[in-house]
1. Taking interchain pairs and intrachain pairs at least six residues apart, which have beta carbon atoms under 6 angstrom, with the first residue in region 172-189 and modelled with pLDDT under 95 and the second assigned to a strand (DSSP E or B) and buried (at least 19 other Cβ atoms within 10 Å of the Cβ)?
2. Check off (1) in contact with a Phe, Trp or Tyr (Cβ under 6 Å, 6 or more places away or on another chain); (2) surrounded by fewer than 21 Cβ atoms within 10 Å (Cβ to Cβ); (3) more than 20 Å from ARG213 (Cβ to Cβ) for GLN130 and give me the number that stays unchecked.
3. At pLDDT below 95 and over 17 Å from the mean Cα position of the chain (by Cα): does that describe SER2?
4. Looking only at region 134-175, filter to residues that are in a helix (DSSP H, G or I) and over 16 Å from LEU14 (Cα atoms); which one of those is most open to solvent (accessible area, probe 1.4 Å)?
5. Whether any residue in region 31-39 is within 21 Å of LEU215 (Cβ to Cβ), open to solvent by less than 20 Å² (accessible area, probe 1.4 Å), in contact with a Gly (Cβ under 9 Å, 6 or more places away or on another chain) and aliphatic (A, V, I, L, M) is what I want to check.
6. I'm told LEU45 meets every condition in (1) buried (at least 24 other Cβ atoms within 10 Å of the Cβ); (2) touching a residue at least 40 places away in the same chain (Cβ under 8 Å); (3) under 13 Å from the mean Cα position of the chain (by Cα) except one. Can you identify the failing condition by its number?
Amino acid sequence: MSLTTFPDDWQRALCVVAHPDDLEYGTAAAVARWTEEGKDVTYLLVTRGEAGIATMAPSEAGPLREQEERDGAREVGVEEVLFLEGFSDGVLEADLRLRRELARVIRDVRPEVVTTLTHAETFPGGGLNQADHRAVGLSTIDAVAAAGNRWIFPELVTEGHEPWDGVRWIASSAGHTPTHEVDVTSTFERGVASLEAHREYLAALGDDYPSPRELLGMILGDPDSTREDGSPTRYRWAAQVFER
C-alpha cells in the first residue's frame, strides 16, 4: 500500500493515549525520528494503567507503570510526560469532562500535530480495540476543535487557558485506513528499547507474549519491502491523518 509521507514542516507535537505502553506499540518509533530532527514532543496519558496488571493491586501498578512510561519516553527523546488526574483505567468514557481536560492540555502545549490511537472497534489484524482506546481516540479528535474555540468550555479561558487553533494535523494510528507514513527504519531499535522499558507490565503478560522486537516487527514492518524469508527491510509508522 502506497502512503503519503507525513508532513515535516512543524515543530511541536502532542501524543495522546489512554495508558502507559499505548504509544510504544509503534508511535514511539516515529517520535524517535521526530526528536532526532529537533522537534518537540509531549506525551499525554489519560490514566496510569493501574488496572492493567492482573497480579498487582492498582495502588502499586499505577506508580510502577507511570515510571515505565517515563523511562520508555526517554528512550525516544521525550522528557515531558503528562498525566491527567481523576480518570480511572478501564472505565473511560468519551464525555464532556474528558474532552474538556484534553482541550485544556492542547491549549497549554499548543501543538501543530496531535496523535492518538484509532477509535475503531477493531485493529487491522481483527483484534478488538479496548473501550479506553476508543474513548480517548474519539475525544482527542473532538478536543482539538474545542481547544480552538473560546466559546466551547469558556471556563478554560477564565482559568487562563487561551484558545489554540494551531493544530494542523491529527494522526490516528493503528486503524484500518492509514493515509500517511513515517519511515522509521533508522529509529526502529529505539522504538524497541522504548517498549522494552515496560518490563514489569510485559512480564505480567506471560512468556507466550511476543517480544518487543517481534511485536514491533509485525506492526511496523512494511509488507511491500521484505526479504526472501518474509522479514522486513523497511519499517514505517502508518496513520490516518486529518488535515485542518
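The values are calculated or read from the model by the stated rules, or taken from the named source; none is laboratory data. Only a predicted model underlies this, so the values are computations on that prediction, with no experimental measurement involved. A quick note on method: Cβ atoms are made from the backbone with ideal geometry, for glycine too, and the neighbour counts reach across all protein chains shown. Heads up: the accessible areas ignore ligands, DNA and RNA and are worked out on the full protein's heavy atoms, side chains in. Shrake-Rupley method; radii C 1.70, N 1.55, O 1.52, S 1.80 Å.
1. none
2. (1)
3. Against the criterion (at pLDDT below 95 and over 17 Å from the mean Cα position of the chain (by Cα)), SER2 qualifies.
4. Step one: filter region 134-175 for residues in a helix (DSSP H, G or I), giving 134-147, 154-158.
Right, trim to over 16 Å from LEU14 (Cα atoms) and you get 134-135, 154-158.
On the way: ARG134: 84, ALA135: 8, PRO154: 65, GLU155: 68, LEU156: 0, VAL157: 36, THR158: 122 Å².
This residue is THR158.
5. Kept after step one, since they are within 21 Å of LEU215 (Cβ to Cβ), are these residues of region 31-39: 31-33.
Applying the additional criterion that residues be open to solvent by less than 20 Å² (accessible area, probe 1.4 Å) yields 31-32.
Still in the list and also in contact with a Gly (Cβ under 9 Å, 6 or more places away or on another chain): 31-32.
Keeping just the survivors that are aliphatic (A, V, I, L, M) gives 31-32.
Looking for residues that are within 21 Å of LEU215 (Cβ to Cβ), open to solvent by less than 20 Å² (accessible area, probe 1.4 Å), in contact with a Gly (Cβ under 9 Å, 6 or more places away or on another chain) and aliphatic (A, V, I, L, M), one finds at least one in region 31-39, hence yes.
6. Unmet condition: (2).
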